[in-house]
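All remarks here apply to the structure that follows.
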Amino acid sequence: METKEQMNIVIVGHVDHGKSTVIGRLLADTGSLPEGKLEAVKEYCRKNSRPFEYAFLLDALKDEQAQGITIDTARCFFKTNKRDYIIIDAPGHIEFLKNMVTGASRAEAVLLVIDAKEGIQENSKRHGHIVSMLGIHQAVVLVNKMDLVHFDQGVFEKITGEFTEFLHKVNIKPVNFIPLSAFNGDNIAVRSEHTPWYGGPTVLEQLDQFANKKENQELPFRMPVQDIYKFTEQGDDRRIVAGTVLSGKIRTGDEVIFLPSKKRSIIKSIEGFHVAPRTTAYADQAIGLTLETQIYIKPGELLVKAEESQPVLSSRFRANIFWVGKAPLIKNKNYKLKIGTMRIGVKLVEILNIIDAAELNIDRFKDQVERHDVAECILETVKPIAFDPISELELTGRFVIVDNYEISGGGIILAGVSDSGHTL
Ligand code: GDP
């Protein structure tokens with residue numbers, strides 16, 4: 001049976017600009033609500049002489065979910081013909097930011113909601129900034145409540161112009177701006193007759209146009225070396241290089257490079273654990289490799305294929321960190337960095353930006369990273385390490401920082417940086 005694609009999307013916006021209404025509409029218009037739920041909530045509002053709000057509908061759904069086993073009130077599910085969506089209501093959720101930065105969860109796209117009447121708020125900008133720090137590349141701006149400005153094209157274009165300019169400053173190139181009236185359903189699932197001047201997709205069409213991430217197998221080969229086992233075969237000392245393939249595939253006869261040592265060899269055989277040797281191994285498989293030549297390497301190295309795109313090799317890099325340590329992350333103190341199977345000493349060199357995750361305040365002038373801060377920093381390891389910038393490959397662009405034997409922070413690497421501060 002073919003399983004349907006799944007995609008996580010994040011929705012952000014200033015309070016009252018209409019996030020709940022957009023989510024409620026997406027659920028209702030895709031038929032993803034439990035039967036009779038919408039009518040029941042509408043009826044409840046009528047009886048209590050309150051105007052119906054999609055926010056009530058979401059609250060009702062969340063109450064229902066909370067009685068089950070999974071209490072995860074920040075997520076809703078809906079489906080189109082193309083794929084299943086999980087929409088994550090964020091940020092302002094410390095757990096969410098932590099999961100995103102440490103890689104526990106991943107979102108492929110973000111919807112930024114702006115109230116057409118109120119326009120861009122300070123919070124809209126903060127959200128833009130966070131989205132940029134999380135490395136989500138596909139962003140769509142939903143200009144909501146167009147009914148309150150009589151679906152005026154001029155208002156829409158003014159917001160589009162101003163916000164595009166801001167987003168460019170934080171390195172986000174929105175793929176589209178969509179004029180909406182979420183409450184009435186204009187341009188959510190059905191094209192609105194009130195916006196004849198708008199020729200782009202509806203929100204649902206736009207979601208289905210987003211590109212999904214590639215399957216791990218389709219990516220370049222990466223395997224962190226977990227261990228080296230020695231054994232004797234026909235009087236010869238031989239070694240098996242053991243690890244789990246993170247991405248890509250490897251075949252016998254492939255030329256490989258160990259990084260950071262840069263030692264090269266050719267794959268002689270691929271051994272499985274409790275299975276017969278094979279000629280090819282794929283992402284997620286735990287394997288042992290024997291090599292054509294006798295080379296000495298250590299656990300912690302990253303094994304890559306010579307013919308494929310190479311990781312960055314550097315001791316300095318720019319990264320986004322989510323800090324959970326009791327003691328703050330400070331400059332010039334020795335920490336341990338864990339990336340893949342590598343453990344290595346690391347220092348904080350410079351803080352470029354800090355966002356307080358609870359208040360979403362951006363503070364450029366703090367000189368330490370406190371618990372629950374998200375910070376863009378420059379880090380330096382004691383020796384060069386191999387990694388991939390998160391925009392290239394996710395699994396080898398993530399790390400954790402250990403302070404005093406405790407995991408105190410997690411992060412993603414944005415780019416390698418040279419000693420003179422240039423991006424590698
Ligand atoms: P949230 O705080 O961002 O989740 O905002 P809500 O979705 O709860 O919406 C805030 C208020 O704006 C509610 O009273 C909604 O009914 C109202 N609202 C949302 N979308 C629209 C819209 O398209 N047009 C109008 N006129 N009101 C809307």
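Just so you know, all these numbers are worked out from the coordinates, no wet-lab data involved. Predicted model, so just to flag it, every value in this text is computed and none were measured. FYI the Cβ positions are ideal-geometry reconstructions off the backbone, even for glycines, and counts take in every protein chain you see.
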With axes computed from alpha carbons, what is the tilt in degrees of helix 122-134 against the longest principal axis of the chain, rounded to the nearest 10 within 0 to 90? 20
Diffusion constant of segment 160-235 at 4 °C, which comes from Stokes-Einstein with the Kirkwood Cα-pair radius and 1.567 mPa s, µm²/s: 75
Out of all DSSP beta bridges in the chain, what portion is antiparallel? Express it as a percent rounded to 5. 75
Please list, by residue number, every one of the GluC sites (Glu not before Pro) in segment 271-340 that is coil in DSSP and has at most 12 other beta-carbon atoms within 10 Å. Glu307
Which one, Ile136, Ile240, Ile390, has the greatest fluctuation when you compute a Gaussian network model over the chain with C-alpha springs under 10 angstrom? Ile240
Shape descriptors of segment 103-239 over alpha-carbon atoms, Rg and Dmax in angstrom, are 23.0, 85
Residue-normalised 222 nm signal for the chain, counting each DSSP H run of n ≥ 4 as -39,500 (n - 2.57), nearest 500 deg cm²/dmol, is -6000 deg cm²/dmol
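Would you calculate the convex hull of the Cα atoms in segment 221-267 and tell me its volume per residue in Å³? Display every interim value, and only then the final one.
On the way: hull volume 4.2 nm³, N = 47.
Convex hull of Cα atoms, per residue: 89 Å³.
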Ordering 195-201, 33-39, 371-377 by per-residue average of other C-beta atoms within 10 angstrom, highest first, gives 371-377, 195-201, 33-39
Going toward the positive end of the dipole of the chain, with +1 on Lys and Arg Cβ and -1 on Asp and Glu Cβ, which of Ala60, His274, Cys76 do you reach last? His274
Any idea what angle helix 153-169 forms with the longest principal axis of the chain, computed on alpha-carbon atoms, 0 to 90 degrees, nearest 10? 20
Return the whole-Å distance between the Cα centroid of segment 131-173 and the Cα centroid of segment 181-246. 25
Over the Cα atoms of segment 242-339, each weighted equally, I'd like the Debye log10 I(q)/I(0) at q = 0.10, 0.12 Å⁻¹, rounded to two decimals. -0.38, -0.52
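Could you work out the Rg to Rh ratio of segment 195-259, with Rh taken as the Kirkwood radius (inverse of the mean 1/r over all Cα pairs)?
Rg/Rh: 1.40.
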Give the Debye-formula value of log10 I(q)/I(0) at each listed q (0.09 Å⁻¹), with one equal scatterer per alpha carbon of the chain, two decimals each. -0.67
Please identify the chymotrypsin sites (Phe, Trp or Tyr not before Pro) of segment 360-424 that satisfy two criteria: DSSP loop assignment and at most 11 other Cβ atoms within 10 Å. Which are they? Phe365, Tyr405
How big is the Cα convex hull of segment 301-412 in projection, averaged over all directions, in nm²? 6.9
Tilt of helix 19-29 relative to the longest C-alpha principal axis of the chain, in degrees (0 to 90, nearest 10)? 90
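Based on Cβ point charges of +1 for Lys and Arg and -1 for Asp and Glu, what charge dipole magnitude is obtained for the chain about its Cα centre, in debye rounded to the nearest 20?
Numbers: 52 positive and 57 negative charges, 229 e Å.
The dipole of the chain has a size of about 1100 debye.
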